[in-house]
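The values are calculated or read from the model by the stated rules, or taken from the named source; none is laboratory data. Computed from a predicted model, the values in this text were never measured in an experiment. Backbone-built Cβ (ideal geometry, glycine too); neighbour counts: all protein chains shown. SASA here: full protein model, heavy atoms, side chains in, ligands and nucleic acids out. Shrake-Rupley method; radii C 1.70, N 1.55, O 1.52, S 1.80 Å.
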Protein chains: 2
Amino acid sequence: METRTLTLDSPLTRKLSAFVALSDSDQETLLHFYRRRRRFQPGHELIHEGQTKASAYILAEGWACSYKLLSDGERQIVDFQIPGDFLGLRSILFRTSDHGIEAITRIEASEVLRSDILDAFAHAPRLATAVLWAASRDEAMVVEHLVNLGRRSAEERMAHFLLELGARLQLVGLGDRTGFDCPLTQYHLADALGLSAVHVNRVLRHMRENGLVTFRNGRVAFDDFARLGDIAGFDMAYLDQEGPRLR
Amino acid sequence: METRTLTLDSPLTRKLSAFVALSDSDQETLLHFYRRRRRFQPGHELIHEGQTKASAYILAEGWACSYKLLSDGERQIVDFQIPGDFLGLRSILFRTSDHGIEAITRIEASEVLRSDILDAFAHAPRLATAVLWAASRDEAMVVEHLVNLGRRSAEERMAHFLLELGARLQLVGLGDRTGFDCPLTQYHLADALGLSAVHVNRVLRHMRENGLVTFRNGRVAFDDFARLGDIAGFDMAYLDQEGPRLR
DNA sequence: CGGTGTGTTGAGTAGACTCAATATGCGTGG
DNA sequence: CCACGCATATTGAGTCTACTCAACACACCG
């Protein structure tokens with residue numbers, strides 16, 4: 001029954017395989033993405049907004065975030081990236097990057113050149129479909145984030161955000177129902193949730209005092225998972241990943 | 001110099017050609033997408049949130065919007081679709097649709113089945129790359145919308161939204177520097193911008209009285225394009241479409 | 001000619017913001 | 001080992017943006 005001879009257990013291979021059945025040759029092509037392993041310090045800007053010729057990366061270790069800057073100096077964090085995530089895809093598909101990407105912790109990542117991607121698509125066409133699928137799942141997360149900003153109160157946003165992050169981390173084995181380790185500052189939360197840092201602090205205090213969730217010393221602890229889900233209206237359907245759909 | 005014998009001038013062909021040079025055979029495959037022409041009344045729900053087995057559509061005429069509903073009955077409009085736009089791609093890539101799509105005006109659209117897409121990707125692999133490219137451009141718009149909701153004031157949001165819509169309509173010949181015809185109600189604007197309908201009304205009045213823009217009787221008139229762009233911090237780089245990039 | 005959808009305006013409220021001061025923790029250099 | 005600086009977290013006070021509720025205007029349509 002087992003037709004695969006290769007069992008490449010990289011996070012990316014696993015992620016893409018969730019959408020499209022990849023042949024051995026497809027998987028071998030993917031290997032090329034892991035040739036250029038890099039290491040970056042916290043705060044390092046991997047991709048600069050407006051940069052031309054940018055690379056993409058596959059995150060192996062640590063946290064990063066993608067963001068856009070506004071003319072008045074404020075910033076909006078679009079998404080956080082955790083181990084296994086692809087990062088900066090749009091910045092290689094387009095001439096100039098429409099967003100910046102910054103390391104939050106010390107990170108390890110494989111640099112993927114524009115030519116790596118395009119060659120891969122040319123030699124292993126199914127990869128293009130697989131990447132489209134993965135990119136669409138990322139887009140679904142951005143859309144949910146957008147709903148969060150547009151129609152939810154500060155506390156609902158926070159609840160939703162922490163639950164989504166928790167769910168994503170669980171998928172890669174970095175958290176469980178009780179909580180997860182989290183290197184983000186309240187400024188990161190503010191920039192992601194469209195709030196002021198001061199208000200983030202107040203909201204966190206309120207939620208802690210109400211026995212919902214405790215964010216302290218780099219750890220998020222879910223004190224009442226069920227009630228948190230109620231407040232957030234958290235569905236999780238959009239994070240859905242199921243077995244290979246295309247043979 | 002001209003290697004193409006086919007000149008299929010559909011909006012979608014033009015859009016995809018902006019990213020990837022399509023062969024005659026690719027373009028012929030695309031033709032299959034136009035077999036099932038449909039017509040829908042205003043308010044018709046083309047895709048229901050949570051629907052399984054949904055189709056996608058290519059919009060030929062009229063306006064539509066994609067949205068998500070919240071448990072309390074509110075809705076957040078994620079994007080508006082205008083002629084030439086692809087609509088509901090994520091709803092066929094995933095088992096269940098994470099968003100709804102509704103006709104705003106009477107519309108004409110070609111229904112694209114899941115199998116149409118997947119067959120096309122199998123027979124004309126470059127199409128998968130082209131669609132990935134187009135989907136990424138759409139994602140860039142969603143990201144800019146997200147920034148709008150997270151970090152801009154009501155007036156800035158409105159300015160940015162109207163300018164973006166104007167720019168997109170210009171690309172398909174449905175508007176110019178002076179303005180464009182717009183079938184949206186103030187409720188649509190409210191649901192898109194994360195504001196209450198009452199506040200949308202006030203903001204529009206304020207902008208009209210300040211000689212910025214006039215939205216009346218189904219027409220948006222830019223009274224001071226430059227100042228509007230200043231207020232919005234409108235860049236337009238993310239809408240960028242240039243000649244074929246991949247041969 | 002009344003009903004329904006849309007737009008308009010006023011009055012009062014509340015959630016989130018800004019400014020400002022004060023902790024707390026950590027790394028570096030003396 | 002202590003002192004200092006810097007980043008982050010916390011709390012208070014006052015303000016403002018955008019919201020809710022409510023009333024009314026206008027147009028289109030059956």
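Observations on the structure shown:
- Single residue of the stretch B:145-161 satisfying the filter (away from every other protein chain (no Cβ under 11 Å) and more than 11 Å from DNA strand D (Cβ to nearest atom)) that is surrounded by the fewest Cβ atoms within 10 Å (Cβ to Cβ): B:F161
- Taking the criterion of being under 25 Å from B:H123 (Cβ atoms), open to solvent by less than 40 Å² (accessible area, probe 1.4 Å) and touching a Ser or Thr at 6+ places or on another chain (Cβ under 7 Å), the residues of the stretch A:93-126 that qualify are A:L93, A:A120, A:F121, A:A124.
- Residue match in the stretch A:63-74 (condition: at pLDDT 95 or above, over 25 Å from B:D138 (Cβ atoms) and open to solvent by less than 40 Å² (accessible area, probe 1.4 Å)): yes
- Residue that is within 9 Å of DNA strand C (Cβ to nearest atom) and at pLDDT below 95, where the choices are B:R205, B:R216: B:R216
- Hey, B:E28 assigned to a loop (DSSP other than H, G, I, E, B), farther than 26 Å from A:I92 by Cα and either within 21 Å of the chain's Cα centre (by Cα) or among the charged types (D, E, K, R) (or both) or not: no
- Residue count for the stretch B:138-180 satisfying the condition of being closer than 13 Å to B:L195 by Cα and among the small types (G, A, S): 3.
- Sole residue being open to solvent by 60 Å² or more (accessible area, probe 1.4 Å), within 14 Å of chain A (Cβ to nearest Cβ) and more than 10 Å from DNA strand C (Cβ to nearest atom), chosen from B:D181, B:D223, B:D230, B:D191: B:D230
- Subset of the stretch A:61-76 (residues that are within 12 Å of the chain's Cα centre (by Cα), over 21 Å from A:L93 (Cβ atoms) and among the hydrophobic types (A, V, I, L, M, F, W, C)): A:W63
- Checked against (1) away from DNA strand D (no atom under 12 Å from the Cβ); (2) touching a Phe, Trp or Tyr at 6+ places or on another chain (Cβ under 8 Å), B:F225 meets all criteria but (2).
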